[in-house]
């Protein structure tokens, strides 16, 4: 429960802080101005990073163990955020930024005890690297990954989405390895990124800035190294796969600059996302392609987490060669995606006809309208026991809804969203923590899979809606679909044991689905009110009558 609470607190704190710091950034002129190497066309506040840092900091301070590792990561992360924030406002030179990154890395190495001491089967026997080699190597890796994530922050939602997928895997692997601190850090970062990406997905209203991107890179490097070094079943080369895409992009860009005699630290437009856009992909399409590549690496890292280091090295080499060769051939040939070929004229043409007739939206919306409340109600019945305290809370929620419904319908949307945000996490947690005895393995798999199916139709509804305001489809929805499909079906020691990833995925689908459903009803909340009251009645009754003989 502590990991779920961490994720939810960090998510809501970040969502609350982003608008505040966005307004403050505009006042102090902490803006990312457009130029010839950047994609955005107007000034953008660079304040998302401080919201991410504070959103993740609060639950970590509350529940993380007070050992040297935790303190070192917090101190090092604080240094990175501080200098990144100064850079976002005053534009520090690269030397000052590099010095802060090295200082943060030194703290986690000497105070936190993070060192690359093993390369696994890449060296013979159980050979441990001596400090004179291990310490510089660790510093290079931490500083390198910190800058790699920073350099990848070139499109809306790009660095946040890459990091989101990486921290999902780091957190789940840490949970399996029973590493409490790393799981807690990862849950906090994932929650913060969910809150931040709500504002950073295309078209973004705020950037994370150097304070955010450097913090994500620093945490990704330190947590993954701590997780895979020492007494663990995980391969020490696992961080290479988890973070290999931004690292590959950074090394490629640096090599190209060196070959052409350009400054190694002067920004340009030769990153992977820039190349994809030169090939004719739209902004969101380029981000989506990179998300897919990162999802492939993250999934490979989890599935093959205990494979030999030579396997990981070969896998990463093949992956890198395919990506680099594809970019080189396409760039040399001047290839550009044709927008009016067979795909657009035949396939998309037919889809436009179906969309014009509203076939897709009618089908997908009908499934979401019926499936979402039904799935939530079924989840209520899964809870074999409900605390009486929650029953009283449910009754009070019913009272608030009825009073608002009768006397001030203008507040109905906000009250309904608030009650759902507070109730759904409790309902999902209680269903997993005290699951009914009739829920067997086959039914549980079908139940878990239904969340992925429902998420797909929610996104289709969002894609084909004719609404002018509210949510629109962005690459963020790929991340939601990825979590909804993959996380609930990950193998676990006990299929029905509750854990952070499973509960978080279900909560995400429910909250996101109800947000879309509320938008599609266009202010008519009568149906949502009735279903929400029904759910609250079931939970309140179950709490008062106790365990049912089912």
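Among the residues of the range 395-403, is any within 31 Å of the chain's Cα centre (by Cα), without any contact (Cβ under 8 Å) to a residue 40 or more places away in the chain, in a helix (DSSP H, G or I) and surrounded by 15 or more Cβ atoms within 10 Å (Cβ to Cβ)? Steps first, answer last, please.
Residues of the range 395-403 within 31 Å of the chain's Cα centre (by Cα): 397.
Next cut, without any contact (Cβ under 8 Å) to a residue 40 or more places away in the chain only: none.
No.
Can you name the helices (runs of 4 or more DSSP H) wholly within the range 411-488 that have at least 2 residues being more than 28 Å from residue 400 (Cα to Cα) and modelled with pLDDT of 80 or more?
The helices (runs of 4 or more DSSP H) meeting that bar are 441-464.
I need the full set of residues from the range 223-250 which are over 18 Å from the mean Cα position of the chain (by Cα) and closer than 22 Å to residue 64 by Cβ, in order please. Break it down into steps so the answer makes sense when it comes.
Step one: list which residues in the range 223-250 are over 18 Å from the mean Cα position of the chain (by Cα), which gives 225-238, 240, 247-250.
Scanning the range 223-250 gives 225, 226, 227, 228, 229, 230, 231, 232, 234.
Among the residues of the range 119-134, are any under 15 Å from the mean Cα position of the chain (by Cα) and in the same structural domain as residue 203 (by TED's automatic domain parsing)? Working first, answer last.
Step one: filter the range 119-134 for residues under 15 Å from the mean Cα position of the chain (by Cα), giving none.
No.
Looking at 205, 190, 143, which one is assigned by TED's automatic domain parsing to the domain that holds residue 90, surrounded by fewer than 24 Cβ atoms within 10 Å (Cβ to Cβ) and part of a helix (DSSP H, G or I)? Before the answer, list the steps.
Working: 205 fails: part of a helix (DSSP H, G or I); 190 fails: surrounded by fewer than 24 Cβ atoms within 10 Å (Cβ to Cβ).
Sole residue among the options that is assigned by TED's automatic domain parsing to the domain that holds residue 90, surrounded by fewer than 24 Cβ atoms within 10 Å (Cβ to Cβ) and part of a helix (DSSP H, G or I): 143.
Looking only at residues in the range 258-273 that are at pLDDT below 85 and part of a helix (DSSP H, G or I), which one is nearest to the chain's Cα centre (by Cα)?
Taking the range 258-273 first, the residues at pLDDT below 85 are 258-270.
Add one more test, that the residue is part of a helix (DSSP H, G or I), and what stays is 258-259.
Working: 258: 34, 259: 35 Å.
Here the residue is 258.
Since residue 54 meets every condition but one in (1) in a helix (DSSP H, G or I); (2) modelled with pLDDT under 85, which condition does it not meet?
Going through the list (1) in a helix (DSSP H, G or I); (2) modelled with pLDDT under 85, residue 54 breaks only (2).
Yes/no per residue for (1) over 29 Å from the mean Cα position of the chain (by Cα); (2) modelled with pLDDT under 90; (3) part of a loop (DSSP other than H, G, I, E, B):
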| position | (1), (2), (3) |
| --- | --- |
| 316 | no, no, no |
| 319 | no, no, no |
| 330 | yes, yes, no |
| 338 | yes, yes, yes |
| 350 | yes, yes, no |
| 361 | no, yes, no |
| 369 | no, yes, no |
| 380 | no, yes, no |
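Quick one: would you say residue 108 is part of a helix (DSSP H, G or I) and surrounded by fewer than 23 Cβ atoms within 10 Å (Cβ to Cβ)? Steps first, please.
Numbers: part of a helix (DSSP H, G or I): yes; surrounded by fewer than 23 Cβ atoms within 10 Å (Cβ to Cβ): no.
It is false that residue 108 is part of a helix (DSSP H, G or I) and surrounded by fewer than 23 Cβ atoms within 10 Å (Cβ to Cβ).
Just one of 128, 92 is within 29 Å of residue 287 (Cβ to Cβ) and in contact with a helix residue (DSSP H, G or I) (Cβ under 9 Å, 6 or more places away or on another chain); which is it?
Working: 128 fails: within 29 Å of residue 287 (Cβ to Cβ).
Residue meeting the stated conditions: 92.
Determine which single condition residue 403 fails, assuming it passes every other condition in (1) at pLDDT 80 or above; (2) touching a helix residue (DSSP H, G or I) at 6+ places or on another chain (Cβ under 7 Å).
(2)
The values are calculated or read from the model by the stated rules, or taken from the named source; none is laboratory data. Everything quoted here is computed from the prediction, not taken from an experiment. Because the Cβ atoms are built from the backbone with ideal geometry, glycine has one as well, and the counts that use them run over all protein chains shown.
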